[in-house]
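Remarks on the structure that follows.
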Amino acid sequence: MANAIELIGITKRFPGVIANDNVNLAVERGEIHAVCGENGAGKSTLMKILYGMQPPDEGTIKVNDSEVKLSSPGDAIELGIGMVHQHFMLADNLTVMENVILGSEPMKRGIIDLDAARQHLVEVSEAYGLTVHPDDLVETLEVGERQRVEIIKVLYRGAEVLILDEPTAVLVPQEVEALFDNMRDLKAAGASIIFIDHKLDEVLEIADTITVIRQGRTVATVKPDDVTAHDLAELMVGSELPSPQAGESTVTDDVALRIDSLTVHDADERSVVDDVSFEVRRGEIVGIAGVEGNGQTELINAIIGTDSPRSGTISLFGADITHASVGKRREAGLAYVPQDRHQEGLLLDAPLWENTALGHHTRPPFTKGIWFDRVGARERTEQIRRDFDVRTPNVEVPAHALSGGNQQKLILGKEISSHPKLFVAAHPTRGIDVGAQAAVWQDIREARFDGLATLLISADLEELIGLSDTVLVMLRGKIVATLDPAEITPRDLGAYMTGVAVSEEAS
Amino acid sequence: MTAPSLRRIGLAVAAPALAAGVALIISSIVLIISGSNPIDAYSDMFNNAKKLETSVDILNRATPLYISGVAAAIGFRMNLFNIGVEGQYLLAAFFASVAGGAVDLPPVFHVALVLFVAMTVGAAWGGFAGVLKVTRGVNEVISTIMLNFIAVGGIIAWLIVVWQDDTGQVNSGTTPIPESGRMPNLNSWVEVFTREISKGRELTGVLLIAIAVGILYHLFINRSRIGYEFRASGYNPFASQAAGIDSKKMVLTAMLLSGAVAGLVGMVEVLSENFRFDQSFVKGMGFQGIAVALLGRNKPVGIALAALLFGFLNASAGALQVGGTASREIVVIMQATILLAAVIAYEVVNRLRQKDEARTAAALLAESAS
Ligand SMILES: Nc1ncnc2c1ncn2[C@@H]1O[C@H](COP(=O)(O)OP(=O)(O)OP(=O)(O)O)[C@@H](O)[C@H]1O
Ligand SMILES: [Mg+2]
């Protein structure tokens, strides 16, 4: 079969690292090709090169067997290549349609032909079974929907080769299934898809061919039928496939966080968190399961203090913090891993050592009286780099120079190493490779052993079940079930999350 | 010193040098088109600058530019485009002159009072834009432009007539500040190293205030805890909010500080040249400060170099006029081209530096592999 894409001997260097070192990748027409590899292996970089965002230092790119030179994404789009990035790039305050046509507006007599645009958009979304509402504001969409918009945006431009960088990281299992159905439809329609994923069972389920990259080099190209998840993990990181295990219970009787009848309203005065009550004790991990958009975000915001609740109370070790400032809560021992690391977690243009201080900058080692302690901050960052295996040439590079997974490791590292008392972690292992994932789980377990109270929000149901002492299910702003993870499977949990199953106590 | 670090220093100097070169070429072309000889014009400028009196003039001109540049830079570091330095410093200078002319105090206290009034008025006027932004979401560019109009065209234009001293002069302004409220000049300090400065030229004492402003700016923005919060909020307000940094408080702080520093811009005139505010009070320092801050990349030392360069060009305008080699407007064209060239040069050199670092890294890796 003919190759839709061929990358030959691609090399790309960044200050202090070789991101791609003589990489080869061939994608046949009409196949789903997975690219796997540990954090910082160079996957995103390779895709950005194929999409014309970054020029390779060496190597050739062939599209439909003829050599091409891509100097901008415009060139790639022209050749029918489209990309959905690891970190979404939609304009929040525009509608779905405006986002889709942005940059390729159909013009009629010098003005944008909105009717033609709408018609084309509807055609594209129907042809591939991707449902979106053209007039919705993007900021009101959930992640799964945002992703569909990103994909339609690419298809709208006539892409025949789709690059999806970690498309499933932000999705719950049902959404992953929906995405895979879309991908199969696209493939049936003749498109080729290259996608990156850290979840190996997903890769084995959907891919036709798998290429594994390690430290910037292609180490293997395999067929899913010939390998197990185990083999893949070994190829990627050279280690065993981990699974989250909570181990012995360390739950104490000390209540760390108490949420009492908490109600949060959104801008339209709807209750997005509706009369929620629960407790997290020292040494306990409470998991919250739920399809995105069922109030988890608002609940977290109320707990960390960026949103104020309509009624109810939040207390930390007996002290009422319902209306305390974020800073006060931080100083009282709250640590927080946000769900969107770019928007809420990092200062992308600042060096790593300034990033580690964020949220802890009012305490040592980041401060000395009224001064910011640059030496202390650098030392702490070096320590995090070692302990959490953050792959970076040094701690002076800006945060945007780290790969997605390494950014996540930095955030986790800075929060865990602040010795918190309450840890609110939203999707802590999102985008982290299987090897590093095991280490993160180990870190959380160790902290739990030392008495840390953890509130865990995750779309990874195995992670939720494996780590939590108690799992709460949120649906339409309410806690609809309190489950013992020892007695449930991801499938059961999925049923509760979508409201198919109803717990006895709630009904 | 190793070769790579030498090259790094080379690259650091490259950007300003490149900018200066490009600006020189463009200015020469403009000079030729306008019928002047560029070589003559440049040599006039440099010969003039070599004179001790001109050096003093340059420092006097650079002083308010530096303070104005720092005021603008404080906003820039927070992604606030404070266009209002102009209105802030004029209003501050006006009220400071009025206050200074109205009282009689012992020397040090008198000057302190003038400075205090200037900073307070500047902070208030800047803070006003900050409050509008924080409470009403009004963009600071729009609010500061309007506040400039209100300050200059409204308040000052009205009060200067109401409060003018009635000595019956044509160009009348506020009551002059008495001797006790004036800043002594620094001539005697300079003359320790040089010959006597000719009569009529005085090195402004406000230069010391400008230096203090620069040092404090550095300590604040780069070394203090609140400076960190400030920069973090400028980088990413959402992440900072989640980290316990109140971004509204930071916006307000930025506008207050920027305004307070802006209040000092007019002090050279008020404390050591004119001693009062009149119709001919020097205008435009606020806008030049924006250019100076951009050229100096918001860095304390960078702004100083940029202020000196602009001071030199401003001081040259007169020399060109007198010498008849070119029209004084050429100076404005040079300032604009330097700024433009600098913005481009920084970008080019930045890319070169990245390429260079990547190559060094690759070489190191190759070495360690073999
Ligand atoms: N703009 C940049 N500047 C400097 N270094 C960069 C830049 N982009 C990527 N890198 C470096 O290149 C390497 C590869 O990064 P890349 O983003 O391709 O990794 P990845 O395989 O996508 O990892 P992840 O699974 O964590 O997303 C990393 O070491 C990263 O630090
Ligand atoms: Mg990546």
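Since every read-out is calculated from the coordinates, none of them should be taken as a lab result. Remember, it's a predicted structure, so these values are computed and weren't measured experimentally. In this analysis, Cβ positions are derived from the backbone assuming ideal geometry, glycine residues included, and neighbour counts consider all displayed protein chains.
Between B:Lys283 and B:Val141, what FRET efficiency follows from the Cβ-Cβ distance if R0 is 22 Å, with the result rounded to 0.05?
0.65
Once phi is turned into θ = phi - 60°, what whole-Hz ³J(HN,Hα) does the Karplus curve with 6.51, -1.76 and 1.60 give for every residue of the range A:473-482, x standing for Gly and Pro?
10, 9, 9, 6, x, 10, 7, 9, 7, 10
Per residue, how big is the convex hull around the C-alpha atoms of the range B:232-309? Give it to me in cubic angstrom, could you?
Spelled out: Cα convex hull of the range B:232-309, divided by residues, is 121 Å³.
Determine Rg/Rh for chain B; Rg is computed over alpha-carbon atoms and Rh is the Kirkwood hydrodynamic estimate from the same atoms.
1.02
What is the local net charge at A:Pro167, summed over the other residues whose Cβ is closer than 12 Å to its Cβ (Lys, Arg +1; Asp, Glu -1)?
Around A:Pro167, the surrounding residues sum to -3.
Any chance you could get the radius of gyration and Dmax over the Cα atoms of the range A:3-237, in Å?
For the range A:3-237, the Cα radius of gyration and maximum Cα-Cα distance read 17.7, 59 Å.
Each residue of the range B:21-36 in turn: what ³J(HN,Hα) in whole Hz from Karplus with 6.51, -1.76, 1.60 and θ = phi - 60°, glycine and Pro shown as x?
Per-residue couplings from phi come out as x, 4, 4, 4, 5, 5, 4, 4, 4, 4, 4, 5, 4, 7, x, 10 Hz.
Per Stokes-Einstein, at 20 °C and 1.002 mPa s, what whole-number D in µm² s⁻¹ belongs to chain A, with the Kirkwood radius over Cα pairs as the hydrodynamic radius?
Rounded to a whole number, D works out at 89 µm²/s.
Seen from all sides and averaged, what is the projected area of the convex hull of the Cα atoms in the range A:392-507, in nm²?
The Cα convex hull of the range A:392-507, projected and averaged over all directions, gives 8.8 nm².
Divide by every residue of chain B the summed helix terms, -39500 (n - 2.57) for each DSSP H run of at least 4, and state the resulting mean residue ellipticity at 222 nm, rounded to the nearest 500 deg cm²/dmol.
Theoretical 222 nm ellipticity from helices: -24000 deg cm²/dmol.
Mind giving me the FRET efficiency for B:Asn350 and A:Glu382? R0 is 35 Å, r the Cβ-Cβ distance, nearest 0.05 is fine.
Efficiency for this residue pair is about 0.85.
With θ taken as phi - 60° and the coefficients 6.51, -1.76 and 1.60, list the Karplus ³J(HN,Hα) couplings across the range B:208-222 in order, rounded to whole Hz; mark glycine and proline as x.
Rounded to whole hertz, the list is 5, 5, 4, 5, 4, 4, x, 5, 5, 4, 4, 4, 5, 6, 9.
Amide H to amide H under 5 Å from A:Ala426: which residues, 5+ apart in sequence or cross-chain, H placed 1.01 Å off N in plane?
So A:Ala426 has HN proximity to A:Val337, A:Ile457.
Per q in 0.20, 0.22, 0.23 Å⁻¹, report the Debye log10 I(q)/I(0) for the range B:35-155, using one uniform scatterer on each alpha carbon and no solvent.
-1.05, -1.16, -1.22
Taking 2.2 N^0.38 Å as the expected size of a compact globular protein, what ratio does the Cα radius of gyration of the protein assembly as shown give against it, to two decimals?
Its radius of gyration relative to the 2.2 N^0.38 Å reference: 1.10.
Give me the three principal axis extents of the range A:1-124 from the C-alpha atoms, as integers in angstrom, largest value leading.
47, 35, 26
When the helix-only estimate is applied to chain A (DSSP H runs of n ≥ 4, each -39,500 (n - 2.57), divided by the residue count), what is the mean residue ellipticity at 222 nm, nearest 500 deg cm²/dmol?
-9000 deg cm²/dmol
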